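For reference, the structure discussed in these notes is given below.
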Amino acid sequence: MKKPDSLIQTAKDFDDWRNQRPHQGVPIPDSLRYRAIQLLESYTTSQVTKSLRVCGSQLKSWRQQFVHHSEETSEFIALPVSTESISSHSLEFELKLSDNTSLFMRGDVPVDLLRMVIQTARA
């Protein structure tokens with residue numbers, strides 16, 4: 001099966017959003033904006049603006065909006081490792097961030113580690 005073209009899929013998602021929004025004043029969601037910026041790695045500005053039916057100034061401002069976003073998500077967060085025996089629970093835990101990255105944990109996860117991950121994600 002052929003992988004759907006990201007530009008075509010994103011354009012379809014923009015159209016779906018436009019058709020489902022309650023009124024025209026609703027801002028474009030950050031997830032769609034971020035996907036539009038990611039398209040610039042493979043497509044020209046002209047191709048993206050034409051396909052998504054947005055103007056170049058919008059794309060430029062979105063690029064500014066997410067310039068620090070990618071830097072923040074690429075940082076490694078060190079979590080302390082305890083050698084003490086802490087009560088743990090077997091579970092599956094998935095944390096999805098707004099930029100479509102995720103953290104998945106499975107197995108015996110100490111409760112203190114789980115609390116720390118949640119607190120760090122909130123910050």
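The values are calculated or read from the model by the stated rules, or taken from the named source; none is laboratory data. Everything quoted here is computed from the prediction, not taken from an experiment. Note: ideal-geometry Cβ built from the backbone for every residue, glycine included; neighbour counts use all protein chains shown.
Some points to look at:
- Whichever residue in segment 27-76 is within 13 Å of the chain's Cα centre (by Cα) and of a type in the set (Val, Ile, Thr) and, among such residues, is modelled with the lowest pLDDT: 73
- Residues that are closer than 14 Å to residue 49 by Cα, charged (D, E, K, R) and out of contact with any Ser or Thr (no Cβ under 8 Å at 6 or more places or on another chain), drawn from segment 14-37: 15, 33
- Unmet requirement for residue 6, which otherwise passes all of (1) small (Gly, Ala, Ser); (2) under 17 Å from residue 100 (Cα atoms); (3) more than 20 Å from the chain's Cα centre (by Cα): (3)
- So residue 30, is it touching a residue at least 24 places away in the same chain (Cβ under 8 Å) and under 18 Å from residue 100 (Cβ atoms): yes
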